[in-house]
1. Going through segment 316-335 one residue at a time, which ones are at pLDDT below 85 and either hydroxyl-bearing (Ser, Thr, Tyr) or part of a loop (DSSP other than H, G, I, E, B) (or both)?
2. Would you check if ARG86 is at pLDDT 95 or above, charged (D, E, K, R) and out of contact with any Phe, Trp or Tyr (no Cβ under 8 Å at 6 or more places or on another chain)?
3. Keeping to segment 216-274, report how many residues are surrounded by fewer than 19 Cβ atoms within 10 Å (Cβ to Cβ), among the polar types (S, T, N, Q) and at pLDDT below 70.
4. Do we find that VAL54 is touching a strand residue (DSSP E or B) at 6+ places or on another chain (Cβ under 9 Å), of a type in the set (A, V, I, L, M, F, W, C) and over 12 Å from ILE207 (Cβ atoms) in this structure?
5. Does any residue of segment 204-215 turn out to be at negative phi, at pLDDT below 85 and among the small types (Gly, Ala, Ser)?
6. What are the residue pairs meeting all of these: first residue in segment 236-256, first residue over 18 Å from ARG385 (Cα atoms), second residue β-branched (Val, Ile, Thr) and part of a strand (DSSP E or B), Cβ atoms under 7 Å, and 6 or more apart or on different chains?
7. So ARG290 fits all but one of (1) under 27 Å from TYR69 (Cβ atoms); (2) at pLDDT below 85; what number is the exception?
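The values are calculated or read from the model by the stated rules, or taken from the named source; none is laboratory data. Fair warning: this is a prediction, and the values are worked out from it, not measured in the lab. Positions of Cβ are generated from backbone atoms using ideal geometry, with glycine treated the same way; all protein chains shown enter the neighbour counts.
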Amino acid sequence: MVRFPSFCAILILLLSTPIFSWAQGQVRVEGTDVTVSAVFRLDGDVTPTVRDAVRRVLKTRYNDVPFLYKCYTVRFDLQLTGDGAREDLEAFSLDVVDVSSTQEKRDAFAVGGLYDLNDWRAYDAQNSPPKFEQCDSLDGGYNTECAQLSTWFEGHAETGQITALGYVEPPNRHWPANWGADYDGTIARKDGVISTEATDRVIAHEIGHMLGFKHTTSAYDLMHDSSEDTSDSLIFANIFQMLREMRLECRWKMQLPKAAFELKPLIKCYADCVNVTSGEWRYEMNVKSRGLSLSGEGQLAYADLRAEGCGCATPQSSPGVFGVSGEILDSLDRGQLFDPSVDLGYYLVLKMDYAPVPGELVCGQPMTIAKGLFPVAGAKTMTLRMKGPDNVTITDPPQLFYDKAPAFPPCAVVRHFVSSEPLEIILVEPFQDHALENSQDDCLAYTSPAESERGCN
């Protein structure tokens with residue numbers, strides 16, 4: 001639903017939420033390919049303009065745009081009855097209400113929207129004559145008097161009123177506990193309502209609810225509830241809401257084939273002997289998703305460690321073993337705007353905690369050069385920009401920086417230089433998590449950030 005603040009001639013309207021009945025959409029998973037299929041039927045006051053708009057929305061906002069979800073590529077196959085739609089899926093009904101056939105209706109709709117979701121019993125408790133029977137339903141057609149009277153609710157928010165451009169009504173005015181796909185990939189049927197004045201964004205928003213998307217807090221997301229927003233992009237959070245009960249998870253095996261480093265003195269104390277130290281390291285790690293959480297393990301190993309300048313013996317090194325923890329964020333969670341038709345990415349934000357910490361022994365001095373590259377003692381937070389199942393970019397790679405190496409004399413200023421090859425994903429394994437624990441940890445892992453603020457029961 002899309003919410004509007006109302007003032008003067010501008011009335012902000014709310015697009016509402018889904019209702020369950022017994023038809024179904026279908027989510028099919030083949031490897032890392034996910035296909036979401038559903039059929040939609042237009043009922044009521046359908047005009048050629050509305051039919052063309054719905055057909056356009058299904059194609060351009062859904063079917064033509066693939067989305068990334070963890071290591072999966074999600075595609076929509078949404079069809080309109082009468083366009084050769086599948087017959088094995090019962091259609092979701094989108095009822096169209098005529099608010100355009102007269103100027104009186106258009107003016108009333110601009111003021112009161114689809115008024116039937118207001119709590120007209122609350123109105124009757126404070127006003128006469130009663131209007132519940134007349135205004136609580138659109139079954140008798142659009143009533144311009146009800147639309148005008150609905151402005152009363154602007155000052156009575158405690159009645160739970162909503163004035164809508166379109167809606168998918170939940171049973172008993174409450175959200176169902178699960179209204180996306182269930183574990184087996186079935187999306188329960190939800191029937192929506194739009195007007196003959198519905199814009200493409202309103203139609204796309206309500207179709208999103210019918211597929212299982214909830215409202216989000218992002219002002220740039222199609223599923224934000226304010227019509228003032230101009231963006232109509234779907235984001236990772238929408239797909240997560242639709243698919244999370246299916247517990248579609250991923251394992252990634254990643255490696256950094258080679259990273260080269262050098263420590264070279266720029267300034268040194270007179271007569272002090274300072275080494276030029278250089279070498280390479282590589283690491284591998286295995287990362288697994290669970291909801292929006294990440295975990296795993298890895299190891300860093302050295303190669304070709306060298307020290308020159310003081311006649312020291314051959315340096316030695318010890319590898320570091322690390323645990324991995326983290327979370328999945330979409331671009332909007334990181335304050336980045338993107339067009340999903342061009343930029344389909346999301347982020348894996350990983351923290352690597354070493355035990356033991358990797359280390360080097362140079363001329364009898366413990367150097368821990370690799371540890372020094374990590375902003376937190378023994379740990380590093382790394383952000384991976386995922387652009388496809390096997391395409392990754394490190395958004396905060398090590399940079400050239402200057403520091404004092406701890407083993408050198410206090411007056412020695414040393415340059416740390418680091419360059420690395422791209423991080424590679426060498427294995428992707430999709431799987432469905434069968435451990436439905438329904439525990440506190442389980443709840444938090446499969447709850448979006450906005451929902452987790454309300455807590456897990």
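1. Result: SER317, SER318, PRO319, SER331, GLY335.
2. No, not satisfied.
3. 3
4. no
5. Scanning segment 204-215, I find no residue that is at negative phi, at pLDDT below 85 and among the small types (Gly, Ala, Ser), so the answer is no.
6. These pairs meet every condition: LEU243/VAL27; MET246/VAL27; LEU248/VAL29.
7. It is condition (2) that ARG290 fails.
Matching residues to (1) at pLDDT 90 or above; (2) farther than 27 Å from THR49 by Cα; (3) assigned by TED's automatic domain parsing to the domain that holds ASP64:
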site	(1), (2), (3)
THR144	yes, no, yes
PHE153	no, yes, yes
THR159	no, yes, yes
VAL168	no, no, yes
THR196	yes, no, yes
